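Have a look at the structure below before the remarks.
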Amino acid sequence: MRAGLEQIAYFALKEATNLFRVGPRHSVDDFAAPTAIFRLTNRPRMTQTSSPDNRTVASHWEFSPLVDQQRQRRRTFAIISHPDAGKTTLTEKLLLFGGSIEIAGAVRGRKSQRSATSDWMELEKQRGISVSSTVLTCEYEGIQVNLLDTPGHHDFSEDTYRTLMAADAAVMVIDLAKGVETQTEKLFKVCALRKIPVLTFVNKVDREGMTPLAVLDEIERKFSISTVPINWPIGTGADFCGFVELAGKETHLFPERNNDRRIQPVVMRWEEFVSQSPEEINLNLASHASQVGFSTQSHAANLLKPEVQATVYEDVELIADAGNRFERDAFLAGLQSPVFFGSALTNMGVEYFLKNFLKLCPPPGDRLSNLGMVSASRPEFAGFVFKVQANLDPRHRDRVAFARVCSGQFVRDMEVTVARSGKKIRLPRALRIFGQDRQTMDEAYPGDVIGLVCPGAFQLGDTLFTGEPLYYEALPQFTPEYFASLECKDTSRRKQFDRGLSQLVEEGAVQIFHDTFASSKELILAAVGELQFDVVRFRLESEYGVPTQLNLKPFGTVRWITAKPDDVRQIKLPFQAKLVKDQLGYSAVLLKSEWEAQMVARDNPSIKFDSIRVSTFEQLAREAGQGGAE
């Protein structure tokens, strides 16, 4: 795939230039260079929700102690990874330890396997992959955890980017055997350019793979950040039997491996671990296993070997002498990543990761708007829609808008204003979403994600507010690489076809273009990844009962155009290029290749061509006044 997430990374870099301006007291190098991590103390945190020269703007907002208290106890984060690194399995285990589910469903390609809570769509169950972002919530030790599970497949990178806009931090899952893979590298660049703090979970330590030191070295080389291991595995592959907590110098040894429930480790002081022989330690583990009823077979798989004990001792001493020290300012600036080791499938190290992650992950912060930085702790509600999901409950043919609360208190049945349309809407149906399940939500605070059932009222990127009008950052439209027409095979189902396709476009499953000069309004579907077409066809047939025929079009890219009407009429285009409008009414041109795009830009110097379309704050205000795009 030529563009995909490269387009997203380009946009994030372009956006970072505008949003994260460095004041006169700081240089760009201070924030960008990995070598500057020890110079960041007392400098302002730079994330998607704050910037050095705008933090003072938020001072005029009123302060609500209730909202601030609730904000402090919330953590909202996304999980990113390359496909098959164990992202969804880790998600399930975090829910297991959070008490939201009793049995975790690992992702497998077998019909007999339990399906994951986060992979609720039928296509996800069949293929064993995540194709849509999911919101999951649980409480753990007084902290409300809002977990955003993202698709790992590159064909759904647009959905992943929109989800990262709603997250305050990200968890990057890496397979020990495969190291840093392509999709993980691209997604990390998006997080880094948006200044989202990233924690790393090295998964599948129970399988043979790279050494822990080699994984740390690869992360630092490919991402140009420093890594700080928080725990260290005791063995890898079949020898993996626990980990060392580096800060407290304690060892956590697991008497058994169990995929479905919690396993309480046997905790030993580091001095005891290194002074006792493996035989003595194994006897202690066997005694503990018999007391709590663990099976002998499960314990036999976790016997500590002498060579493992010796290697762990050398590694831990090396890290203590030469390893990086954790710097919170560097972490929040995206220059340092705490690293955890474990196995999501066997539950080993997962609960330890959850506890420490909640300590490290920042609570929701202030967010940039057309008014400057809007305080998260102000009393007035404001949020934005980052996802629309049609047919979350197919029995009711509903549409749910997922809105991230950015400031203030949300109360069910309150009246909010949609910034795009200026309309005031009462919200009697507010839902807490958990995979496919839902429950009524009476109130919400910064960091929470609420499901709003109000068909047709919301679009992706809409800002919702009470009080003083404002606009949060707009969501971008990325360059599609695949184009096709979709035919309804059964003409008697045309009405269902039109309604279904309209709802899928509304939720961002695909983009739509139509020829402005054609006598019949033929719709051209456009997607960043070809698998998006499969999802649309599958959902039209399974949710709306409409079988379809897909016909690929000979286009490979699109450019949105900004020009005067006279310039558009005189535009010079290559043969088979097509002038179109997108689903929002913006003019664009469909082209065969990037080479054609460069040629068209050269032949039409009076016209501005954009590979990514995103509305500025000024455009958002103008569109609201005109009721939409021109």
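The values are calculated or read from the model by the stated rules, or taken from the named source; none is laboratory data. Since the structure is predicted, the reported quantities are computational estimates derived from the model, not experimental observations. Glycine gets a Cβ as well: all are built from the backbone with ideal geometry, and neighbour counts include every protein chain shown. When the accessible area is computed, the model is the full protein with side chains, heavy atoms only, and any ligands, DNA or RNA have been set aside. Shrake-Rupley method; radii C 1.70, N 1.55, O 1.52, S 1.80 Å.
Taking the range 439-462 on its own, how many of its residues are over 24 Å from residue 499 (Cα atoms) and in contact (Cβ under 8 Å) with a residue 40 or more places away in the chain?
Of the residues in the range 439-462, 6 are over 24 Å from residue 499 (Cα atoms) and in contact (Cβ under 8 Å) with a residue 40 or more places away in the chain.
Matching residues to (1) over 18 Å from residue 467 (Cα atoms); (2) in contact with a strand residue (DSSP E or B) (Cβ under 9 Å, 6 or more places away or on another chain); (3) open to solvent by less than 10 Å² (accessible area, probe 1.4 Å); (4) not aliphatic (A, V, I, L, M):
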position: 365; (1), (2), (3), (4): yes, yes, no, yes
position: 371; (1), (2), (3), (4): no, no, no, no
position: 386; (1), (2), (3), (4): yes, yes, yes, yes
position: 390; (1), (2), (3), (4): yes, yes, yes, no
position: 399; (1), (2), (3), (4): yes, yes, no, yes
position: 414; (1), (2), (3), (4): no, yes, no, no
position: 425; (1), (2), (3), (4): no, yes, no, no
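Quickly run through the range 334-359 and pick out the residues that are open to solvent by 10 Å² or more (accessible area, probe 1.4 Å), among the aliphatic types (A, V, I, L, M) and out of contact with any helix residue (DSSP H, G or I) (no Cβ under 7 Å at 6 or more places or on another chain).
Listed by number, the list holds a single entry, 358.
Those residues that are over 30 Å from the mean Cα position of the chain (by Cα) and either open to solvent by 50 Å² or more (accessible area, probe 1.4 Å) or aromatic (Phe, Trp, Tyr) (or both), I need them from the range 575-596; list them, please.
575, 576, 578, 592, 595, listed by residue number.
Among the strands (runs of 3 or more DSSP E) confined wholly to the range 502-558, which include 1 or more residues that are under 25 Å from residue 398 (Cα atoms) and free of Cβ contacts under 8 Å to residues at least 60 places away in the same chain?
In the range 502-558, the matching strands (runs of 3 or more DSSP E) lie at 523-527.
Being acidic (Asp, Glu) and either under 15 Å from residue 512 (Cβ atoms) or open to solvent by 40 Å² or more (accessible area, probe 1.4 Å) (or both) is the filter here, so list the residues in the range 532-574 that pass it. Write out each step before concluding.
Of the residues in the range 532-574, the ones acidic (Asp, Glu) are 534, 541, 543, 566-567.
Correct list: 534, 541, 566, 567.
Does residue 492 meet the test of being within 19 Å of residue 585 (Cβ to Cβ) and open to solvent by 20 Å² or more (accessible area, probe 1.4 Å)?
Here the answer is no, as residue 492 does not meet what is asked.
List every residue pair whose Cβ atoms lie under 9 Å apart, where the two residues are 6 or more positions apart in sequence or sit on different chains, the first residue falls within the range 66-87 and is closer than 15 Å to residue 344 by Cβ and modelled with pLDDT of 90 or more, and the second residue, located anywhere, is among the small types (Gly, Ala, Ser) and assigned to a helix (DSSP H, G or I).
none
Please list, ordered by first then second residue, the pairs with beta carbon atoms under 6 Å, 6 or more apart or interchain, first in the range 565-579 and under 21 Å from residue 524 (Cβ atoms), second open to solvent by 40 Å² or more (accessible area, probe 1.4 Å).
From residues that are under 21 Å from residue 524 (Cβ atoms), the pairs are 579/516.
Among the numbered conditions (1) in a helix (DSSP H, G or I); (2) at pLDDT 90 or above; (3) surrounded by 16 or more Cβ atoms within 10 Å (Cβ to Cβ); (4) under 38 Å from the mean Cα position of the chain (by Cα), tell me where residue 314 comes up short.
Unmet for residue 314, out of (1) in a helix (DSSP H, G or I); (2) at pLDDT 90 or above; (3) surrounded by 16 or more Cβ atoms within 10 Å (Cβ to Cβ); (4) under 38 Å from the mean Cα position of the chain (by Cα): (3).
Among the numbered criteria (1) aliphatic (A, V, I, L, M); (2) within 14 Å of the chain's Cα centre (by Cα); (3) over 15 Å from residue 85 (Cβ atoms), which one does residue 228 miss?
Residue 228 satisfies every listed condition except (2).
Got at least one residue in the range 471-492 being part of a loop (DSSP other than H, G, I, E, B), more than 20 Å from the chain's Cα centre (by Cα), modelled with pLDDT of 90 or more and of a type in the set (Ser, Thr, Tyr)?
yes
Return the pairs, sorted by first residue and then second, in which the second residue is open to solvent by 70 Å² or more (accessible area, probe 1.4 Å) and of a type in the set (A, V, I, L, M, F, W, C), the first residue lies in the range 476-496 and is under 15 Å from residue 533 (Cβ atoms) and free of Cβ contacts under 8 Å to residues at least 60 places away in the same chain, the beta carbons are less than 9 Å apart, and the residues are 6+ apart or on different chains.
Listed pairs, sorted by first residue: none to list.
State the number of residues belonging to the range 487-510 that are of a type in the set (Val, Ile, Thr) and closer than 10 Å to residue 546 by Cα. Spell out the reasoning first.
Going residue by residue through the range 487-510, those that are of a type in the set (Val, Ile, Thr) are 491, 505, 510.
Keeping just the survivors that are closer than 10 Å to residue 546 by Cα gives 491.
Residues meeting the conditions: 1.
Do you know which residues across the range 453-469 are crowded, with 20+ Cβ neighbours inside 10 Å and more than 19 Å from the chain's Cα centre (by Cα)?
458, 463, 464, 465, listed by residue number.
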